[in-house]
Amino acid sequence: MKKIILDTDIGIDCDDAAAIGMLLQLEEEGKCFVEGITTCTTREGAVETVRAITRYYGKDKEIGAMREPGIPCDKENAYAKALKEHYGCSGDALDAVEMLRRRLAQAKEKLTLIAIGPLTNIARLLKSGGDMYSELGGAELLRKKADCLYIMGGSFKENYSPEGIMEQKEVIREWNILQDIDSARYVLEECMCPMVLCPFEAGIYVKTRLREGINPVWYAMKAFADYEKCGIENGYERESWDPVTCLAALEDCSPYFDLSDGGKITVSEDGETVFYREEKGIARFLIVKGNYDGLAERINSLIRD
């Protein structure tokens, strides 16, 4: 059973809420164990939102919060404040980097890290020095104690070929990378454990559906739709970048994706991600094969009403 830590920018896009619900359901089915959840945002209600979802699933998970300084997108709050006010959960949380270091240092078997937001926390972890939990610096600690770092981020030209899934002349600059380009570049250059990137194009056509229910996941989706003025009168669906990333970390997704060769990934000053094949490269990314409906059906089946 994989033991995982999730790092999420909860409160801006509702697919983070869907990803947490999906992971907790997979834990219920014995497919993984969520060691803890860190928020890579300082926005109001972030911790409370995570706690509301985990408690709905009957779980008491350790939560770590990103400390100031935050990043500019933290000022956008699509649903975290709304969930804080609706559910009234506690906002107490540990420092995210301290929690990550302790969990890694004390792990008896390797952990899987899944990062579905800007890479600010992960960069701070890599830059961290020795402490009471381990004398190792963050980069070495992650190398020794993590089997893989899964990242929702980037976009790659290999998914935009004439036979590919998207009609687009230029690769996009993906949102998570753009929010903290310096941290993204640092992580992709300095991380010494294997990395798999789930790019923009892997989740754009996979839709999580809003359903009636008391699950905070659905409340987050409704609040997000209201924030975006999308309307839910005729049903509501949201792209599923973060659930796809989590599923790729835990299940056989070969019907939907291939895995690229090993290599390195660079981040330009304006946020473009570029992949270079290298014989001993530790970075890979998902190459899209299609079957979006099948992937969406699997994700939707993993979120409770």
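The values are calculated or read from the model by the stated rules, or taken from the named source; none is laboratory data. None of the values given here were measured: they were computed from a predicted structure. When we count neighbours, we look across all protein chains shown, and the Cβ atoms used for this are built from the backbone with ideal geometry, even at glycine. Keep in mind that these areas ignore ligands, DNA and RNA; they rest on the heavy atoms of the full protein, side chains included. Shrake-Rupley method; radii C 1.70, N 1.55, O 1.52, S 1.80 Å.
Below are the figures for this structure:
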| item | result |
| --- | --- |
| Residue match in segment 22-31 (condition: in contact with a Gly (Cβ under 6 Å, 6 or more places away or on another chain), in a helix (DSSP H, G or I) and either open to solvent by less than 20 Å² (accessible area, probe 1.4 Å) or of a type in the set (Phe, Trp, Tyr) (or both)) | no |
| Selection within segment 113-130 - among the basic types (Lys, Arg) and surrounded by fewer than 19 Cβ atoms within 10 Å (Cβ to Cβ) | Lys127 |
| Criterion (touching a residue at least 60 places away in the same chain (Cβ under 8 Å) and open to solvent by 20 Å² or more (accessible area, probe 1.4 Å)) met by exactly one of Tyr133, Tyr219 | Tyr219 |
| Those residues of segment 46-79 which are closer than 18 Å to Ala96 by Cα and among the hydroxyl-bearing types (Ser, Thr, Tyr), in sequence order | Thr49, Thr54 |
| Segment 190-207 residues that are more than 30 Å from Glu140 (Cα to Cα), paired with ones that are of a type in the set (S, T, N, Q) and open to solvent by 40 Å² or more (accessible area, probe 1.4 Å) (beta carbon under 9 Å, 6 or more apart) | Glu201/Gln168 |
| Segment 55-104 - residue that is hydroxyl-bearing (Ser, Thr, Tyr) and open to solvent by 40 Å² or more (accessible area, probe 1.4 Å) and, of those, modelled with the lowest pLDDT | Ser90 |
| Matching residues, segment 245-270, being touching a residue at least 60 places away in the same chain (Cβ under 8 Å) and more than 20 Å from Cys193 (Cβ to Cβ) | Leu247, Glu251, Glu269, Asp270 |
| Lone unmet requirement of (1) open to solvent by less than 60 Å² (accessible area, probe 1.4 Å); (2) in contact with a helix residue (DSSP H, G or I) (Cβ under 6 Å, 6 or more places away or on another chain); (3) of a type in the set (Ser, Thr, Tyr); (4) part of a helix (DSSP H, G or I) for Thr208 | (4) |
| In segment 32-54, the residues that are open to solvent by 10 Å² or more (accessible area, probe 1.4 Å) and farther than 20 Å from Ala223 by Cβ | Phe33, Glu35 |
| Residue match in segment 238-260 (condition: open to solvent by less than 50 Å² (accessible area, probe 1.4 Å), over 17 Å from the mean Cα position of the chain (by Cα) and small (Gly, Ala, Ser)) | yes |
| Boolean, Met1 is modelled with pLDDT under 95 and either in contact with a Gly (Cβ under 6 Å, 6 or more places away or on another chain) or of a type in the set (A, V, I, L, M) (or both) | yes |
| Entirely in segment 228-305, the strands (runs of 3 or more DSSP E) that have 2 or more residues that are more than 20 Å from Pro216 (Cα to Cα), modelled with pLDDT of 90 or more and in contact with a Pro (Cβ under 8 Å, 6 or more places away or on another chain) | 283-288 |
| In segment 269-286, the residues that are more than 17 Å from Lys157 (Cβ to Cβ) and among the aliphatic types (A, V, I, L, M) | Ile282 |
| Candidate set: segment 271-305, residues that are touching a residue at least 40 places away in the same chain (Cβ under 8 Å) and hydroxyl-bearing (Ser, Thr, Tyr); chosen: the one nearest to Asp182 (Cα to Cα) | Thr273 |
